[in-house]
């Protein structure tokens, strides 16, 4: 039995989107592939609210995150982390031999503009990474406010991880001055996992060109050059994902970006209100995520047992991540989920727990 997914990715995918992955193959060096990529790029620029070059990578979001910090750090990276996925960016820097310092907020807390100002004012750093939406803690960082600080330092390359929020929240890439903005398919975009995408500014590209030892598969200079030249890629891309992405982007744009953000916000508010009534919110109330809610297990329930019972009803949610396992649980409200889905889940939880 398929379990309806209320986890922060992968998400349930519409049957018609899945069917697009069965489209007959075309040559990845063909004119048809160039047209497909050009179509995808134009639509992604609307979703990202950017004029920057769009690139795809047949990898999870981590692939382009690693590309960003490896290819664009010349001096030292300042990694601002609010959870497990911010920590991952620091691990990538270390693994690639890139000088980096990590500035870690407590779980459930956000990165604040004044924190960024203090770090960048030292002049030690030429790249900054920020997590827009941290799925382990249900926190959405105030990136718009952080962006105003970063703009004071024009030599700093600004990278953000929007893996779990792009298309689920308003992320105006160009307005914020983001140089490398990364997301992937299996979250708010509502596709199967396996493809990541990013907007890359001229500044990020120029920086990368001056950096040696960028690797090969994730060398953003080579990828960028190939896309700009003919909307193709150095390595064979996942054509099934591209067929599905092109189709799903049409659906997203037909829904309307503002309508999509509003739907995510409505589901978020419903789950947050429900959590306050029966449990408590783990995250700082000022910075709650639009796409996933992290709930404090104030009743001391067995989250594993709850999930087992939900599974018997054809649903599943997420336990806490890492050290937060059993201390919290998470309910995602992203992609093509609806308010009816949220109400179905909460009604089932209330029944199972006798709330």
Helix 31-48: inclination vs the chain longest Cα principal axis, degrees, rounded to 10, gives 60
Please state the Cα pair-distance histogram of the stretch 17-254 with 5 angstrom bins from zero: what percent is in each bin? 1, 7, 15, 20, 20, 16, 11, 6, 3, 1, 0
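Evaluate the relative contact order of the chain (contact order divided by residue number), counting alpha-carbon pairs under 8 angstrom at least 6 apart; express in whole percent. Walk me through the numbers before you get to the answer.
Values: 721 pairs, mean separation 87.6, N = 355.
Once divided by the residue count of the chain, the mean separation gives 25 percent.
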For residue 94 and residue 338, compute 0.36 nm times the residue count separating them, minus their Cα-Cα distance, and round to one decimal in nm. 83.8 nm
Using only the alpha-carbon atoms, how far is helix 303-312 inclined from the longest principal axis of the chain? Give it as 0 to 90 degrees, nearest 10. 80
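Counting other C-beta atoms within 10 Å, which of 23, 328, 346, 212 has the fewest, and how do the rest follow? List each step's numbers first, then the result.
Numbers: 23 15, 328 28, 346 20, 212 5.
In order of increasing Cβ crowding within 10 Å: 212, 23, 346, 328.
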Using only the alpha carbons of the stretch 1-153, determine the length spanned along each of the three principal axes and report them from longest to shortest in whole angstroms. 54, 41, 30
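Tell me, what is the FRET efficiency for residue 202 and residue 75 to the nearest 0.05, using R0 = 25 angstrom and their Cβ-Cβ distance as r?
Values: r = 19 Å, r/R0 = 0.77.
E(calc), rounded to 0.05, equals 0.80.
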Apply 1/(1 + (r/R0)^6) to the Cβ-Cβ distance of residue 235 and residue 323, taking R0 = 35 Å, and write down the FRET efficiency to the nearest 0.05. 0.40
Name the most mobile residue of 60, 81, 199, meaning the one with the largest mean-square fluctuation, in a Gaussian network model of the chain with Cα contacts below 10 Å. 60
Between residue 299 and residue 121, what's the calculated FRET efficiency when r is the beta-carbon distance and R0 is 51 Å? Round to 0.05. 0.70
Got a sec? How would 264, 2 order by Cβ neighbour count within 10 Å, fewest to most? 2, 264
Gain on full stretching of the segment that runs from residue 174 to residue 313 - 0.36 nm per residue minus C-alpha separation: 45.6 nm
Spatial separation of Cα centroids for the stretch 126-189 and the stretch 202-244, in angstrom: 20
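Can you run the Rg to Rh ratio on the stretch 200-355? Use alpha carbon positions and the Kirkwood inverse-distance Rh. Walk me through the numbers before you get to the answer.
Values: Rg = 21.2 Å, Rh = 19.0 Å.
When Rh is taken as the Kirkwood radius, the ratio is 1.11.
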Hull shadow area, averaged, the stretch 122-281 [alpha-carbon convex hull, nm²]: 11.7
If I fit a long axis through the Cα atoms of helix 239-255 and take the longest principal axis of the Cα atoms of the chain, what angle between them do I get, 0 to 90°, rounded to 10? 70
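Could you compute how fast the stretch 146-216 diffuses translationally, taking Rh as the Kirkwood radius over C-alpha pairs and applying Stokes-Einstein at 10 °C with viscosity 1.306 mPa s? Give it in µm² per second.
Values: Rh = 13.4 Å.
The estimated diffusion coefficient comes to 119 µm²/s.
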Estimated 222 nm signal from helices in the chain, with DSSP H stretches of n ≥ 4 weighted -39500 (n - 2.57), rounded to 500: -13000 deg cm²/dmol
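We did not get these values from a lab; they are worked out from the coordinates using the rules stated. It should be emphasised that the depicted structure is a prediction, and the values quoted were computed from it without experimental measurement. Using ideal geometry, Cβ is built from the backbone for each residue, glycine included, and neighbour counts are taken over all protein chains shown.
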